[in-house]
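Chemist: Please read through the structure below; I'll follow up with questions.
The values are calculated or read from the model by the stated rules, or taken from the named source; none is laboratory data. Quick caveat: nothing in here was measured; it's all calculated off a predicted structure. Methodologically, a virtual Cβ is constructed for each residue, glycine included, from the backbone with ideal geometry; neighbour enumeration extends over all protein chains shown.
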Amino acid sequence: MLRRSGVSLAHKIHPISTTSSRSLLPLICTRNISTQKRPNSTLSATDSFTNDAIYKPTPPPPASLSTLPTPYLLRTILICTVSTSPFLSNLLTKVLLSYTTFLTTNRISRYILQHTFYNHFCAGNTKPEIQSTLQRLKSWGFRGIILAYAKEVEVEGESSASHTSTHEADEADIASWKEGTLQTIRYAEPKSFVAIKYSGAGATAVLSMEHHKPASPSFLTALDEICEAAQADGKQVKLLFDAEQTRYQDAMDGYTLDLMRKYNPRNAIPTVYNTYQMYRKISPSNLKSHLELAKKEGFGFGAKVVRGAYLQSDPRDTFWSTREETDESYNSGIERLLTFENRSSGNAEGINVGVVVATHNQTSVTKAMNVLQRQKAENGMEGKSVTFAQLAGMADEVSMSVINGEANGWEKVNVVKYIPWGTMEECVKYLLRRADENKDSLKRTGETRRAAWQELWRRATFRA
Ligand SMILES: Cc1cc2nc3c(=O)[nH]c(=O)nc-3n(C[C@H](O)[C@H](O)[C@H](O)COP(=O)(O)OP(=O)(O)OC[C@H]3O[C@@H](n4cnc5c(N)ncnc54)[C@H](O)[C@@H]3O)c2cc1C
C-alpha cells in the first residue's frame, strides 16, 4: 500500500501559475544549429566518440520544405515571428494563461486558436481528427507520429504547499491517467508510438517516486494494463516513457527497466522505451549500465534520447556545465546505442535495441546519420530499430533533411512527429507547460522561419 500518513507532501496538483514571464512561443520554433565543439574540459561524457574525419561523413542534405503546403509555411512564419518578439510572445502567453477557458470556448477566439496553434501543434481530439493529421504528415513523408495525451497534472516544486489527498482521490488520479493512456493507445496507429508521463498518475504517485517509497498496487496494475494493451494483437504500439524532473527520474528509470524486463523480449522490437536526458551528468553512465543490464538479463532495450527540457528549473549541478558537454554527451549516447553489438545469427546472446533520436539539432542528426551508415556498412543493423523524432510544428527543416536524405546518400530511416491530442483547452495548457520547461528555446527560432521563407521565395520565383 502507498504510505501517505504523516508525510509532509511537498507537491500538489495545480493550475499553471501566471506569475512567471514564461512564454508559449519558445516551444513552437525551437531549433539550433550548434557548432558542437568538443569540450576542452577533462570531463568526459562517455568513453567513445565518433571521429568524423575517419568515417568521412556526408554533410546534411539541403533542407527541402518542398512537400509542405503554402498555408502551412505561412502559419510557420507567423508563429515563429511572434515567438521571436519577447513582447508579443509574453503578452500572448499571459493572455492565454489568464483566460484559457474563455478563449477556448468563445466562438471567435476559438476559431483563431483552432487555425493557428491548435492545428499547428496538435493532432485533434477525436480518432477521425487524429487520423486526418496522421495522413497529412504521411503525405509530407513522415512515417507516423508519437501520440501523447495532452491532459496531464502538473506537480509543483519543493516550495509548494503541503499536498493532502485521500486514498480515493489518489486512486481516481491513477484511474484517469490509465484511461487517458489506454485511449491514446486505442487512437494510435498499429506499430506506432505512444508517449506517457509518469507524473500524470498524480501528485501522490510522484511523491512516492521522489521519496523512493513503494508504488501503490493500483499504479503498478495500471502500468501492466497499459503495456498489455500496447502489446495486444494487431496493435503492437511502442510506449515511450518521457523523462521528467531530476528529483524523481531515478524512480522512473527503475519502473521502466522493470517494464522492459517484463515486456521486451530479447529478439523483438521493444515495446517499452526509457528516455535519457543527456544534459544530466549521470546519463551516459546510466545508459551504459542499463544497456549492459539488458544484455546480461536478456531483454530488449528501448531508448528515446533527448538533451533535456528542465535546464531552467532543475538543480544546475546535476547537468553538464557547458552546452558543448551536453552536445558531446548526446552524440556519444546515440553512437553507443547505434553501435551496440548486433543481434545476428552468430550472436545468440544478442538483444534487440530500439532507438529514438529525439532532437531538433541538425548537427546531432547529421552525426547520427553518419554513425548509422558506418554501422550498416561495417556490421549491419540486425536487431536495431532507429527512428528520428521532432515535436509537431517545429524544426520541419530538420525532419525534412532526414526524410529527403536519400538524395544525399543517407540511409532511409523513419521520421516521426511527437504530437499531443486532446481538447483545445487541454492542448493549450499542455503547450504552455512545455513552453515553461523550454524557456531557453526562445533564442533559437530563426532557422525554421528562414527555411520557410526560403521555400516560399523558391515557389514565388518558380525555381526548381
Ligand atoms: C520527440 C521529442 C521528445 C522529447 N521528449 C522529452 C522528454 O521526454 N523529456 C525531456 O526532458 N525533454 C524532451 N524533449 C525536449 C528535449 O529535451 C530538448 O529540450 C529539446 O528537444 C531541445 O534540444 P535539442 O536536442 O532539440 O537541441 P538544441 O536546441 O540544440 O539543444 C538545446 C538543449 O541543450 C541543452 N543545453 C543548452 N544549454 C546548455 C548548457 N549551458 N549546459 C548544459 N546543457 C545545455 C538543454 O538540454 C537544451 O534544451 C523532447 C524533444 C523531442 C524532439
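Chemist: Exactly one of (1) out of contact with any helix residue (DSSP H, G or I) (no Cβ under 7 Å at 6 or more places or on another chain); (2) over 13 Å from THR271 (Cβ atoms); (3) surrounded by 14 or more Cβ atoms within 10 Å (Cβ to Cβ) is unmet by ALA188. Its number?
Modeler: The single condition ALA188 does not satisfy is (2).
Chemist: Part of a strand (DSSP E or B), more than 16 Å from the ligand (Cβ to nearest atom), within 25 Å of LYS238 (Cβ to Cβ) and among the hydrophobic types (A, V, I, L, M, F, W, C) - does that describe any residue in the stretch 366-377? Full working, then the answer.
Modeler: Step one: list which residues in the stretch 366-377 are part of a strand (DSSP E or B), which gives none.
No, the stretch 366-377 contains no residue that is part of a strand (DSSP E or B), more than 16 Å from the ligand (Cβ to nearest atom), within 25 Å of LYS238 (Cβ to Cβ) and among the hydrophobic types (A, V, I, L, M, F, W, C).
Chemist: Looking for something hydroxyl-bearing (Ser, Thr, Tyr) and under 14 Å from the mean Cα position of the chain (by Cα) - is there at least one such residue anywhere in the stretch 280-294?
Modeler: Checked against the condition, which is being hydroxyl-bearing (Ser, Thr, Tyr) and under 14 Å from the mean Cα position of the chain (by Cα), the stretch 280-294 yields no hits at all.
Chemist: Here is a further query. Here is a check on your reading of the model: is THR339 over 15 Å from ILE145 (Cβ atoms), away from the ligand (no atom under 14 Å from the Cβ) and of a type in the set (Val, Ile, Thr)? Reasoning before the result, please.
Modeler: Details: over 15 Å from ILE145 (Cβ atoms): yes; away from the ligand (no atom under 14 Å from the Cβ): yes; of a type in the set (Val, Ile, Thr): yes.
Answer is yes for this residue.
Chemist: In the stretch 101-125, how many are under 23 Å from GLN183 (Cα atoms) and of a type in the set (S, T, N, Q)?
Modeler: 4
Residues are listed down the side, and each one gets a yes or a no for (1) in contact (Cβ under 8 Å) with a residue 40 or more places away in the chain; (2) within 12 Å of the ligand (Cβ to nearest atom); (3) among the acidic types (Asp, Glu); (4) in a helix (DSSP H, G or I):
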site	(1), (2), (3), (4)
ALA222	yes, no, no, yes
ALA229	yes, no, no, yes
LYS235	yes, no, no, no
ALA243	yes, yes, no, no
GLN249	no, yes, no, yes
ASP258	no, no, yes, yes
ALA268	yes, no, no, no
SER289	no, no, no, yes
LYS295	yes, no, no, yes
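Residues checked against (1) surrounded by fewer than 22 Cβ atoms within 10 Å (Cβ to Cβ); (2) modelled with pLDDT under 95; (3) within 16 Å of the ligand (Cβ to nearest atom):
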site: MET381; (1), (2), (3): yes, yes, no
site: MET394; (1), (2), (3): no, yes, yes
site: LYS412; (1), (2), (3): yes, yes, no
site: LEU432; (1), (2), (3): yes, yes, yes
site: LYS439; (1), (2), (3): yes, yes, yes
site: GLU447; (1), (2), (3): yes, yes, yes
site: ALA452; (1), (2), (3): no, yes, no
site: TRP457; (1), (2), (3): yes, yes, no
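Chemist: Give the residues of the stretch 388-429 that are of a type in the set (A, V, I, L, M) and part of a loop (DSSP other than H, G, I, E, B), sorted by residue number.
Modeler: From the stretch 388-429, those of a type in the set (A, V, I, L, M) are 389, 391-392, 394-395, 398, 400, 402-403, 407, 413, 415-416, 419, 424, 428; that's our starting set.
Residues satisfying the conditions are ALA392, MET394, ALA395, VAL413.
Chemist: Still on this structure, I have one more. Conditions: (1) at pLDDT below 95; (2) outside any loop (DSSP other than H, G, I, E, B). LYS138 meets all but one. Number of the miss?
Modeler: (1)
Chemist: Related question: Against the definition (over 23 Å from SER332 (Cα atoms) and out of contact with any Gly (no Cβ under 7 Å at 6 or more places or on another chain)), how does THR387 come out, yes or no? Outline the logic, then answer.
Modeler: Working: over 23 Å from SER332 (Cα atoms): no; out of contact with any Gly (no Cβ under 7 Å at 6 or more places or on another chain): yes.
No, not satisfied.
Chemist: I'd like the full set of residues that are touching a helix residue (DSSP H, G or I) at 6+ places or on another chain (Cβ under 6 Å) and part of a strand (DSSP E or B), limited to the stretch 304-326.
Modeler: Across the stretch 304-326, the qualifying residue is only VAL305.
Chemist: Within the stretch 398-415, how many residues are free of Cβ contacts under 8 Å to residues at least 40 places away in the same chain and either of a type in the set (Lys, Arg) or touching a Phe, Trp or Tyr at 6+ places or on another chain (Cβ under 9 Å) (or both)?
Modeler: Number satisfying all stated conditions: 2.
Chemist: Can you tell me which residue among THR70, THR84 is within 26 Å of the chain's Cα centre (by Cα) and either modelled with pLDDT under 95 or not aliphatic (A, V, I, L, M) (or both)? Spell out how you get there, then give the answer.
Modeler: Values: THR70 fails: within 26 Å of the chain's Cα centre (by Cα).
Of THR70, THR84, the one residue that is within 26 Å of the chain's Cα centre (by Cα) and either modelled with pLDDT under 95 or not aliphatic (A, V, I, L, M) (or both) is THR84.
Chemist: Across the stretch 270-281, what is the number of residues that are surrounded by 24 or more Cβ atoms within 10 Å (Cβ to Cβ) and more than 16 Å from the ligand (Cβ to nearest atom)?
Modeler: 1
Chemist: Give the residues of the stretch 282-294 that are surrounded by fewer than 22 Cβ atoms within 10 Å (Cβ to Cβ), more than 12 Å from SER329 (Cβ to Cβ) and touching a helix residue (DSSP H, G or I) at 6+ places or on another chain (Cβ under 8 Å), sorted by residue number.
Modeler: Pass one, the stretch 282-294, residues surrounded by fewer than 22 Cβ atoms within 10 Å (Cβ to Cβ): 282, 285-286, 288-293.
From what is left, the residues that are more than 12 Å from SER329 (Cβ to Cβ) are 289-293.
Selection gives HIS290, LEU291, LEU293.
Chemist: Next question. If you go through the stretch 185-204 one residue at a time, do you hit one that is touching a His at 6+ places or on another chain (Cβ under 9 Å), more than 30 Å from ILE130 (Cα to Cα), touching a residue at least 12 places away in the same chain (Cβ under 8 Å) and not in a loop (DSSP other than H, G, I, E, B)? Quick ask: steps written out before the conclusion?
Modeler: Going residue by residue through the stretch 185-204, those that are touching a His at 6+ places or on another chain (Cβ under 9 Å) are 203-204.
Imposing the further condition that a residue be more than 30 Å from ILE130 (Cα to Cα) reduces the set to 204.
Retained after the next criterion (residues that are touching a residue at least 12 places away in the same chain (Cβ under 8 Å)): 204.
Now restrict to residues that are not in a loop (DSSP other than H, G, I, E, B): 204.
Yes - at least one qualifying residue is present in the stretch 185-204.
Chemist: I'm trying to understand the selection: among the residues of the stretch 297-331, which are on the phi > 0 side of the Ramachandran plot and either surrounded by 22 or more Cβ atoms within 10 Å (Cβ to Cβ) or within 7 Å of the ligand (Cβ to nearest atom) (or both)?
Modeler: Hit for the stretch 297-331 is GLY308, nothing else.
Chemist: Pairs needed: first member in the stretch 334-359, of a type in the set (Lys, Arg) and in a loop (DSSP other than H, G, I, E, B); second member anywhere, at pLDDT 85 or above and away from the ligand (no atom under 16 Å from the Cβ); C-beta distance under 7 Å; at least 6 residues apart or different chains.
Modeler: Every condition considered, the pairs that remain are ARG343/ASN267; ARG343/GLY350; ARG343/ILE351; ARG343/ASN352; ARG343/GLU382; ARG343/GLY383.
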